[in-house]
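The structure under discussion appears below in the form of structure tokens.
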Amino acid sequence: MVAAKKLMKGTAARMGVMKRVQLVFKAKANKALDKMEDPRETLDYSYQRQLELLTKVRRGVADVATSRKRVELQMNQLQQQANKLEDQARKALGMGREDLARAALERKASAQSQLNDLQVQYAQLQAEEEKLTVASQRLQAKVDAFRTRKETIKATYTAAEAQTRINEAFTGISEEMGDVGMAIQRAEDKTAQMQARAGAIDELMASGALDDAVGGSSRDDIQNELDMMSASSDVERELSRLKGEITAGAPKQLEGGANGNSQAAPQAQQGQGTPYAPPPPAPGQGTQPTQQAQPTQQAQPAGIPASDLPAEPQDREGS
Amino acid sequence: MIVRILGEGQFDIDDTATSELNRLDTELEAAVDRNDEAAFTAALHGLLDQVRALGSPLPVDTLEESDLILPPQDASMDEVRRMLTDEGLIPG
């Protein structure tokens, strides 16, 4: 091992990458071998380590699969978001609100770019999962071979004779173990990176920056505005319907007297200006001036008796 | 001669291929020294392609030590540099 190290340092420039990597692996195996006093002990100890590594690589496969599924879930969410935003843009355009449509499409572009990023990550995780799966199968085959050889060496050879064969088997398997160990490490690093990114995307979605439309969250301001516009256009429609009815009903009221006409006009104006104004107080409430009821009362002409107000809808139904 | 590609497996390759492998390996090493990522990737992929083309895969249940070991296909230059200098990079 010492010789290998000297070789690495002294002639590194001429040795090439392939040999240097091989020597690093060999040095690692030699170091482990040096620690063993009884060669036969080496076999059992190494076998235990192999089984541990097998467990580890299988767990690695499961971990990567979990990460991949998380990315998949996020991709689905982002796709839904992109679809919904496009839908909103279409609705907004239909209502003549190009500004809203533009805002929705900008968010869609942002969701789409996150989605593209996730697709790359997904492919990478899939590749890692595949590599680890193959690595675990390869290691399993080598561990089986090692176990067979271990028994043969124990049964047939004296301690002295066994040494060389043990060293061969040990070096061979430990190279594989180093390879698999590195594959696990790389997969773990990649998974950690992706988890950090996935966490960031979760936060981004939760913040509403990407439009939190999925699941009907109340933070979706574009949807809110569309809903409000649609609600206020409903109100406008109702209003014009009411106005039409009032105009149609006006001659009726004129017959009843001039007083009825002057009552209807301020009512309509009030309704137009504030579509969400609370309804006029009921007759019973009108006599008790509460804080809520006061502004409405003030807006009404002082001369109108409160008992006249509820009579209006009845007129409408009759006409 | 047995060559291992990390993450991929071992290949038995005829000794006559050595000179071509060495040429590419020299390029690879020079790229690492120059800190030239593009040249590094080109040389690494060239090496891996040669080994795959000229070598025959060893059966999985063999326990043979490799004569040469190559970094994995998607290794970055930085990773290879650490592989060469830091023994701690190889767990176990």
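The values are calculated or read from the model by the stated rules, or taken from the named source; none is laboratory data. The structure presented is a predicted model; accordingly, all values stated were derived computationally and were not measured. Quick reminder, even Gly has a Cβ in these numbers, built from the backbone with ideal geometry, and neighbours come from all protein chains shown. We work out accessible area using only protein heavy atoms, side chains counted, and drop any ligands, DNA or RNA first. Shrake-Rupley method; radii C 1.70, N 1.55, O 1.52, S 1.80 Å.
For the reader, a short list of remarks on this structure follows.
- Screening the range A:94-141 for residues that are touching a Ser or Thr at 6+ places or on another chain (Cβ under 8 Å) and assigned to a helix (DSSP H, G or I) and picking the one that is nearest to the other protein chains (Cβ to nearest Cβ) gives A:Glu128.
- Any hit, the range A:189-211, residues being within 30 Å of A:Arg68 (Cα to Cα) and within 11 Å of another protein chain (Cβ to nearest Cβ): yes
- Restricting the search to strands (runs of 3 or more DSSP E) fully inside chain B and requiring at least 2 residues that are under 29 Å from A:Gln124 (Cβ atoms), open to solvent by 50 Å² or more (accessible area, probe 1.4 Å) and out of contact with any helix residue (DSSP H, G or I) (no Cβ under 9 Å at 6 or more places or on another chain) gives an empty result.
- Within the span defined as the range B:70-82, every residue fails to be more than 14 Å from the chain's Cα centre (by Cα) and facing chain A (nearest Cβ under 8 Å).
- Contacts under 9 angstrom Cβ, first residue in the range B:23-51 being more than 10 Å from every other protein chain (Cβ to nearest Cβ) and on the phi < 0 side of the Ramachandran plot, partner among the acidic types (Asp, Glu) and assigned to a helix (DSSP H, G or I), 6 or more apart: B:Glu37/B:Asp78; B:Ala39/B:Glu27; B:Ala42/B:Glu27; B:Gly46/B:Glu27; B:Gln50/B:Glu20
- Selection of the range A:146-171 for residues being touching a residue at least 12 places away in the same chain (Cβ under 8 Å) and either among the small types (Gly, Ala, Ser) or not in a helix (DSSP H, G or I) (or both) yields A:Ala159, A:Ala162, A:Ala169.
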